[in-house]
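Below: the structure, in structure tokens.
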Amino acid sequence: MDGPGPLIRLFGLTKGRARPVGEPFDLVAIVTTLRMPAEPAELFPEHLQVLKVCRKPTPVADVAAQLKLPLNITRVILGDLRREGLVAIERPRPAAQAIDERIYREVLHGLRSL
Amino acid sequence: MDFAASSQGVAPATPALAIKILIAGGFGVGKTTLVGTISEIRPLHTEELMSERSIGVDDTSGVEGKVTTTVALDFGRITIREGLWLYLFGTPGQDRFWFMWDELAVGALGAVVLADTRRLQDCFPAVDYFEQRGIPFVVGVNCFDGARRHEPAKIRKALGIAPQIPIILCDVRVKESVKEVLTTLVTYAVKGVPVDPQMAPYPAPYPAQ
């Protein structure tokens, strides 16, 4: 990036915060839109875009990539949307516990058929 | 707006799951190439802003605020099916971005440590990191053009890693090779044992192109 200009603009989106509010969440935590706000016009376009993307459950990192925003800016936005009750962010599960035999076989099969 | 009238969403039969895998190793060892070879999309690029935790590293005098620079982070995605993905995160190669590793490593299924036999020591920090945190990892020895073939046993000795940790000779430019590295890691991380030796992908069946 060239100079602090773009960063200052981005931090306007987050009111200068570098950390999301509430419980921490993982880079691949699944975000799901719960509802649209009563007054969509009052949200930043980026917030609305997140809500649109996450109508399909979407991992945090993918949200950042789709919005072309830095990850921690994205996370501040997601934390705000969660506080407003507009999105749910899955509580992280340790991968080893989340992967049962069926998922393990699906992953192996999926990799081999690439 | 088109989504205002959309349904409130139906909970899927099984919850969506994104599995995180880290690709580590020294600078220039082929992390980004590996991700690009296997990812169904061009590696997604995002940038992480340096936070106050690391701010002491940089000269920030005269700059307002807590954030002054960014760390590029490339990651790839493999969709297994709707609601089940693998995400591959290339770890930042520079030492001053180590603070990001903790963030990346939380909840990860495991890691691939890429090694270059010409600069084997470059992967020592990654090996130490994953050993200390008990994160399952495999070592992928990237066989570049002209790189001498090394026996896994010698590499294991040089790295000082436990006998059960799989070492795979690979070519990160070749999809089949990367698939074997990842299936070996997934099996090792889930089952905690090496794959059947009959199935082990070494010696590497993929000659350098």
Problem set entry | Rg(Cα)/(2.2 N^0.38 Å) for region A:5-112, N = residue count | 1.19
Problem set entry | Selected from A:Glu42, A:Glu23, A:Glu101 as most flexible by GNM, with chain A as the system and alpha-carbon contacts under 10 Å | A:Glu101
For this session: Would you pull out the residues with amide H under 5 Å of A:Arg55's amide H, same chain only if 5 or more places away, H placed 1.01 Å from N?
Result: A:Thr33
Problem set entry | Choice from A:Pro57, A:Pro45, A:Pro20 with maximal GNM fluctuation in chain A (Cα, 10 Å cutoff) | A:Pro45
Seminar exercise, completed: Any trypsin sites (Lys or Arg not before Pro) in region B:120-191 that lie in a DSSP loop and have at most 10 other Cβ atoms within 10 Å would be B:Arg148
Seminar exercise, completed: Too long for a 27 Å Cα-Cα cut-off, among A:Lys52/B:Lys31; B:Lys20/B:Lys191; B:Lys20/B:Lys179; A:Lys52/B:Lys175, are A:Lys52/B:Lys31; A:Lys52/B:Lys175
Exercise. ³J(HN,Hα) across region B:31-38 via Karplus (A = 6.51, B = -1.76, C = 1.60, θ = phi - 60°), whole Hz, x for Gly/Pro?
Worked result: 4, 5, 5, 4, 4, x, 5, 9
Seminar exercise, completed: HN-Hα couplings for region B:123-132 via Karplus (6.51, -1.76, 1.60; θ = phi - 60°), in whole Hz with x for Gly/Pro, come out as 9, 4, x, 5, 4, 4, 4, 6, 4, 5
For this session: Compare A:Gln49, A:Gln97, A:Gln66 in a GNM of chain A, Cα atoms joined below 10 Å, and give the one with the largest fluctuation.
Result: A:Gln97
For this session: Using 0.36 nm per residue of separation minus the Cα-Cα distance, give me the extension gain between A:Arg35 and A:Arg112 in nm, one decimal.
Result: 23.9 nm
Seminar exercise, completed: Computed over chain A, the relative contact order (Cα-Cα under 8 Å, seq sep at least six) in percent reads 35 percent
Exercise. For B:Val181, A:Val87, what's the fewest-to-most ordering of other Cβ within 10 Å of each Cβ?
Worked result: A:Val87, B:Val181
For this session: Among B:Asp116, A:Asp62, rank each residue by its count of other Cβ atoms within 10 Å, from fewest to most, as a rough exposure measure.
Result: B:Asp116, A:Asp62
For this session: Taking trypsin sites (Lys or Arg not before Pro) as candidate sites, keep only those in a DSSP loop with at most 14 other Cβ atoms within 10 Å, then name the longest stretch of chain A containing none of them.
Result: A:69-114
Seminar exercise, completed: Any residue on another chain or 5+ positions along whose placed amide H is under 5 Å from the amide H of B:Lys20 is listed here as B:Tyr87, B:Leu109
Exercise. Among A:Ser113, B:Ser177, B:Ser39, which comes first, second and so on when ranked by fewest other beta-carbon atoms within 10 Å?
Worked result: A:Ser113, B:Ser39, B:Ser177
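Taken together, the values in this text are just the output of simple stated rules run on the coordinates, not laboratory data. Quick caveat: nothing in here was measured; it's all calculated off a predicted structure. Heads up, the Cβs are rebuilt from the backbone with ideal geometry, glycines too, and the neighbour counts pull from every protein chain shown.
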